[in-house]
Amino acid sequence: MTDQKIENLLNLALNATEDERARSVELNVGYDEEDQMWDLIVRYHGDLMRLETDEIQIAQLYAGYAIVTIPERLIPYLAGQLEVEYIEKPKRLFFSVNQGRTASCMNALQYGENALSGRGILVAVIDSGVDYFHPDFRNTDGTTRILNIWDQTVAGNPPQGYRIGTEYSREQINEALNAPNEMEARKVVQTRDLSGHGTEVLGIAAGNGRASGGVYRGVAWESDILVVKLGQPKPNSFPRTTELMQALAYVAQKAQEYEMPFVVNLSFGNVYGSHDGLSILETYLDNIAQIGKSVIVTGTGNEGETGGHTSGILQTGRNEKVEFGVSEYELSLNLQIWKEYEDDFDIILVHPSGRRTGPFQNRLGTQRYVLGDTEILVYYGEPSPYSPTQEIYLSFLPIETYVDSGMWSIELVPRNVVTGRYDMWLPEQGVLNEQTRFYQPVPETTLTIPSTARNTIAVGAYDSRLLSYAPFSGRGYTRDSNQVKPDLVAPGVEIMTTAVNGGYTRVTGTSFAAPFVTGAAALMMQWGIVKGHDPYLYGQKVKAYLRKGAVHLPGFHEWPNPTLGYGEDVIIRLQEQEDYRSKQTEKKVP
């Protein structure tokens, strides 16, 4: 299949054999092998619901986007309908945790004299769930601060208009909290945060510090809370963009029901895409960000020092070689090449043994090659209606067990060069061995998607103890250089926050920088909207105020810059100063 209404990666997956898809970490994402059904993201106009049947299930979202569950054999039928404009497969999402680092403590975040606490603002965390027993998410009388939890992994009672998971109300959560023991409580509200990531993120954004006597208080500590636990379609699986898009629609819907301004925190992402803000997921976020009085905050990921990105400028008459290492025991691998469509150059792949294949044929569709004990699937794409760039996607599949290890290289031979810009990305650090990387990496444009979306606030991490940038933090700008990303940075190294089963834990990563800004946005919206100082303080205006007020860190002379954006969140800096002055009286917490 080479239907241009279907994205490149889905076209490749549909062209691949079942065996080839099974050997790939990416091609089967979104496909249920047992039922032979796909979950697909569809952009449409008109009446899409007329296509719903016993075999085709449709969950309509906002602004002409939908999630369609459909048998693989019916995808050509779906693509042929006039209402359908474009189809994408889901992408895997990765939490932005820097797992190789330790952490220590973070003092309470409190905005001193102005007494801003987030009251009247809804803070929504879409993540791995929450430990709703934790005292920091409860009021002084023991009742919950959480208005709803939608656990997409627990079958039974989904929210109206959705087909997955179970929605729990504040009343049900309070009933569980009043149960005589946890076993009885779980009969009422079954949701659990198995990884702890969502609980940690929420503690920074909105924890009230009750378990620490106020010492480890989050930013918007009196806000109301909404939690979505992202679904995992199979045991030991992972969240996907399809579940995220439904979660965002749900949050916007609940905020409208409660008639509350809302801030959404997204502490995850992936590297698949052109990084220019034009994919279906990114444009969908841009649309959600215009619903109600809202702000969406995203972390920029932890790909800054993984060696997963490289780029360059080709010149006519000058060949270029890009070398990358593949570690031993790599089960599969993919590589994206993104270029300007007006540039023509040959692509030749060189095996560690020196054997060469190519140039690849510059034609739409799937090509197959074998080098050593590795099969290579190549998909030469075309620009889409939503992006002018061209993608060449390479999937490395082991013929036996592992992809051939050693130094691979890609030779680029210019034919007709206009701009010459190219970018390459390997998969996220979460699915690769450490030695699989480009030998001459470029740390810029390593921010993860969806932090590249235009209407979100993208947050990188810095080390607040040393007043220095965090090397792991994903950097900008976007590939087209038209967007300053990150917008700003917040503390993301050795942060103390709420832990599953009570107490606190130490964390590092942009996952935990983003909720600082989520909380700060809630404080600004409380001051403007709730307190009546500025009823229009939401959306892009919050971003503009945060950018203008950002504090410049030492060691950098140009602002904004791709590492730190416009600087450090000034609200967090003020809170850090207040914490420092109060250290003399701060009690210690075990």
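Peptide packing for 462-470, 304-312, 275-283 was compared via the average number of neighbouring C-beta atoms within 10 Å per residue; ordered from the highest value, the list is 275-283, 304-312, 462-470. Translational diffusion of the range 341-394, estimated by Stokes-Einstein from the Kirkwood radius over alpha carbon pairs at 37 °C in a medium of 0.692 mPa s, is 268 µm² per second. Taking every alpha-carbon pair in the range 291-340 and binning the separations at 5 Å intervals from zero gives 4, 9, 16, 18, 15, 12, 10, 8, 4, 4, 1 percent. With all pairs of different C-alpha atoms in the average, the Kirkwood value for the hydrodynamic radius of the range 215-361 is 19.8 Å.
Relative to the longest principal axis of the Cα atoms of the chain, the long axis of helix 197-206 makes an angle of roughly 50 degrees.
Compare the peptides 519-525, 498-504 by average per-residue count of other Cβ atoms within 10 angstrom and give them in order, highest first. Display every interim value, and only then the final one.
Numbers: 519-525: 31.0, 498-504: 19.0.
The peptides rank, most packed first, as 519-525, 498-504.
Using only alpha-carbon positions, what ratio does the radius of gyration of the chain give when scaled by 2.2 N^0.38 Å? Against the empirical 2.2 N^0.38 Å value, I get 0.96 for the chain.
Taking max minus min of the alpha-carbon positions on each principal axis, the range 440-576 gives extents of 52, 41, 28 Å, largest first. What value, in deg cm²/dmol to 500, does the helix sum -39500 (n - 2.57) over DSSP H runs of n ≥ 4 give at 222 nm once divided by the residues of the chain? That comes out to -5000 deg cm²/dmol. Dipole of the range 149-274 computed with +1 at Lys/Arg Cβ and -1 at Asp/Glu Cβ about the Cα centre; of V201, G156, V271, farthest Cα towards the positive end is V271.
Against the compact-protein benchmark of 2.2 N^0.38 Å, the Cα-based radius of gyration of the range 479-559 scales to 1.34.
Net length available on complete extension from Y386 to S195 is 65.2 nm, with 0.36 nm assigned per residue and the Cα-Cα distance removed. Subtracting the Cα-Cα distance of Y341 and Q290 from 0.36 nm times their residue separation leaves 15.2 nm of extension gain.
For E83 and T17 in one chain, what is 0.36 nm times their gap in residues minus the Cα-Cα distance, to one decimal in nm? Write out the running numbers ahead of the final one.
On the way: separation 66, 0.36 × 66 = 23.76 nm, distance 2.92 nm.
Value of the extension gain: 20.8 nm.
Projecting label points 7 angstrom from Cα along Cα→Cβ for A544 and L74 puts them 4.7 nm apart.
Distance between the modelled labels on V418 and D141, one decimal in nanometres: 6.6 nm (7 Å Cα→Cβ projection). Annotation for A115 and V442: the two label points, set 7 Å from Cα along the Cα-Cβ direction, are 5.3 nm apart.
Ranked from largest to smallest solvent-accessible area, with a 1.4 Å probe on the protein heavy atoms, Y386, Y216 come out as Y386, Y216.
Per-residue SASA remark: K531, around 100 Å² accessible (1.4 Å probe; ligands, DNA and RNA not included). Working note: Debye formula, equal point scatterers on the alpha-carbon atoms of the range 408-484, no solvent; log10 I(q)/I(0) at q = 0.13, 0.21, 0.28 Å⁻¹ is -0.56, -1.16, -1.38.
Across the chain, the relative contact order, built from alpha-carbon pairs under 8 Å that are at least six residues apart, equals 18 percent.
Could you give the Stokes-Einstein D for the range 1-66 in µm² per second, using the C-alpha Kirkwood radius, 10 °C, 1.306 mPa s? Walk me through the numbers on the way to the answer.
Working: Rh = 13.5 Å.
Reported coefficient: 118 µm²/s.
Over the chain, what percent of the accessible surface lies on carbon and sulfur atoms, probe 1.4 Å? Carbon and sulfur together cover 46 percent of it.
The calculated FRET efficiency for the pair R50 and H557, based on their C-beta separation and a Förster distance of 41 Å, comes to about 0.10.
Exceedance of the 22 Å cut-off in Cα-Cα distance is limited, within the set K5/K485; K485/K548; K89/K321; K254/K485; K254/K293, to K5/K485; K89/K321; K254/K485.
Taking the Cα atoms only, what angle lies between the long axis of helix 514-525 and the longest principal axis of the chain, rounded to 10 degrees? For 514-525 against the chain, the angle is about 50 degrees.
Between 0 and 90 degrees, rounded to the nearest ten: what's the tilt of helix 540-549 against the longest Cα principal axis of the chain? Orientation of helix 540-549: about 80 degrees from the principal axis.
The values are calculated or read from the model by the stated rules, or taken from the named source; none is laboratory data. Not measured: the values here are computed from a predicted model. Please note: Cβ atoms are built from the backbone with ideal geometry, for glycine as well, and neighbour counts cover all protein chains shown. These area figures cover heavy atoms from the full protein model, side chains too; ligands, DNA and RNA do not enter into them. Shrake-Rupley method; radii C 1.70, N 1.55, O 1.52, S 1.80 Å.
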